[in-house]
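Student: Could you have a look at this structure, given as structure tokens, before my questions?
Read-outs throughout are calculated quantities, based only on the coordinates presented, and are distinct from any laboratory measurement. None of the values given here were measured: they were computed from a predicted structure. Here Cβ is always computed from backbone atoms with ideal geometry, including for glycine, and neighbour counts include all displayed protein chains.
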Amino acid sequence: MVDLQAVLDSIYKELTPRIGEGKVADYIPELAKIDPNQFGMAVVTVDGKVYRAGDADVPFSIQSISKVFMLTLALGKVGEGLWKRVGREPSGSAFNSIVQLEHEHGIPRNPFINAGAIAVTDVVMAGHAPREAIGELLRFVRYLADDESVTIDEKVARSETQTGYRNFALANFMRAYKNIDHPVEHVLGVYFHQCALSMSCEQLARAGLFLAARGSNPMTGHSVVSPKRARRINALMLTCGHYDGSGDFAYHVGLPGKSGVGGGIFAVAPGVASIAAWSPGLNKVGNSQLGAVALEMLAARTGWSVFGD
Ligand code: GLN
């Protein structure tokens, strides 16, 4: 077994001169204010050990990584029926693209592009007031991370509510095809709050550990989903978790992963560990530039890959 702390320390040391690379997301005004000179990483192994480097304890806006947690909730609620509302194919398009929606009659390609995530949120809202749906997600994520200090950054949620024109367009478009059941403002109110979840790399790696451990969190003993469902969520992260950068991420890193425009990446080495990396500067397709490099280095140095050793 490799010395994981030594691996993380070496990655952090080698990447330190590059911290600040990429461009922070500026289409959400509140995210544009983030200091790009930050980098953190955390690994939690299925035998309950935690390894950290850099700003691993600094909370950041997890943005689209929240789509993994909302998808888990939606599958728990409606099971395979979810796939009537959203597909399971990689889009090859940008995270906020609208083009395929018209060809596919308001059914988004997958649950991780914005349109798909908005439809998933609509599913979770059934029978709830919007505030209750936000509460349900927050409770779920706190339970997963075993940490009551996880919060939602209201400023980020408000900032996106004021400027999320594309998401309003996507939601209205799907509503026209009857693939959104609730008022668009309510659905987006919940969606923007889920994206505004604020978590550190360590909290994120702990929260996602169930996906590395056959659906149960070995640190808390909490059983979250069946082993089969964990495998399937991982399959979706591998094929769709990085939007039009998913193929590249699979090629370079070789692990299921989900990115967010806050600069976070969550990844899973099935049976071994869950991982979170964060650096706010993004590459051209909106994924953390250094986060992806760090994960590539980690995978290379540990031999972790879903494609063989
Ligand atoms: N809240 C962001 C949006 O809807 C999430 C996008 C992302 O993280 N890729 O635009």
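Student: Round to a whole angstrom and tell me the spacing of the C-alpha centers of region 184-225 and region 233-309.
Tutor: Region 184-225 and region 233-309 have Cα centres spaced 17 Å from each other.
Student: Which one of Ala157, Ala276, Ala126 has the biggest mean-square fluctuation once the chain is modelled by GNM with Cα springs under 10 Å?
Tutor: Highest fluctuation among the options: Ala126.
Student: Now for a separate question. About the Cα centre of region 64-195, what is the dipole size in debye to 20, counting +1 per Lys and Arg Cβ and -1 per Asp and Glu Cβ, all else neutral? The partial results should precede the final answer.
Tutor: Details: 14 positive and 15 negative charges, 53 e Å.
Magnitude of the dipole: close to 260 debye.
Student: Expressed as an acute angle from 0 to 90° and rounded to the nearest 10, what is the orientation of the C-alpha long axis of helix 165-176 relative to the principal long axis of the chain?
Tutor: Approximately 50 degrees, to the nearest 10.
Student: At q = 0.18, 0.21, 0.22, 0.26 Å⁻¹, what is the base-10 log of I(q)/I(0) for region 140-196 according to the Debye formula with one equal point scatterer per Cα and no solvent? Please give it to two decimals.
Tutor: -0.67, -0.79, -0.83, -0.97
Student: Restricting to Cα atoms and excluding each atom paired with itself, what does the Kirkwood estimate give for region 31-92 in Å?
Tutor: On the way: mean 1/r = 0.0661 Å⁻¹.
The answer is 15.1 Å.
Student: Across 5 Å bins from 0, what is the distribution of all Cα-Cα pair distances for region 173-309, in whole percents?
Tutor: Histogramming region 173-309 at 5 Å steps yields 2, 10, 18, 20, 19, 15, 10, 5, 2, 0 percent.
Student: What is the calculated FRET efficiency for Asp26 to Met1, with r their C-beta to C-beta distance and R₀ = 25 Å, to the nearest 0.05?
Tutor: 0.05
Student: Continuing with this model, one more query. Where in region 97-119 does the amide nitrogen come within less than 15 Å of the point 7 Å from the Cα of Ala176, taken along Cα to Cβ?
Tutor: Residues 98-108 fall inside that zone.
Student: Using +1 on the beta carbon of Lys and Arg, -1 on that of Asp and Glu, and nothing else charged, what's the dipole of the chain about the Cα centre, debye to 20?
Tutor: Values: 29 positive and 30 negative charges, 145 e Å.
I would put it at about 700 debye.
Student: Taking a ≥ b ≥ c as the square roots of the eigenvalues of the Cα gyration tensor of region 64-195, is the shape rounded (a/c under 1.5), prolate (a/b larger than b/c) or oblate?
Tutor: Details: a/c = 1.66, a/b = 1.37, b/c = 1.21.
Judged from the Cα gyration tensor, region 64-195 comes out prolate (a/c at least 1.5, a/b above b/c).
Student: Neighbour counts of other C-beta atoms within 10 Å: give me Val99, Val120, Val272 arranged from fewest to most. Write down the numbers at each step before the final one.
Tutor: Working: Val99 10, Val120 27, Val272 18.
Neighbour counts put them in this order, fewest first: Val99, Val272, Val120.
Student: Using only Cα atoms and rounding to the nearest 10 degrees, what angle (0 to 90) does helix 184-195 make with the longest principal axis of the chain?
Tutor: 10
Student: Taking the alpha carbon gyration tensor of the chain, what are the square roots of 5 times its eigenvalues, largest first, to the nearest whole Å? All intermediate terms of the calculation are to be shown ahead of the outcome.
Tutor: Details: eigenvalues 161, 86, 67 Å².
The equivalent ellipsoid of the chain has semi-axes of 28, 21, 18 Å.
Student: Let me ask something else. Test of understanding: what is the full-extension gain from Ala126 to His105, defined as 0.36 nm times their sequence separation minus their Cα-Cα distance? Numbers along the way, then the final one.
Tutor: On the way: separation 21, 0.36 × 21 = 7.56 nm, distance 2.17 nm.
Contour length minus the Cα-Cα distance gives 5.4 nm.
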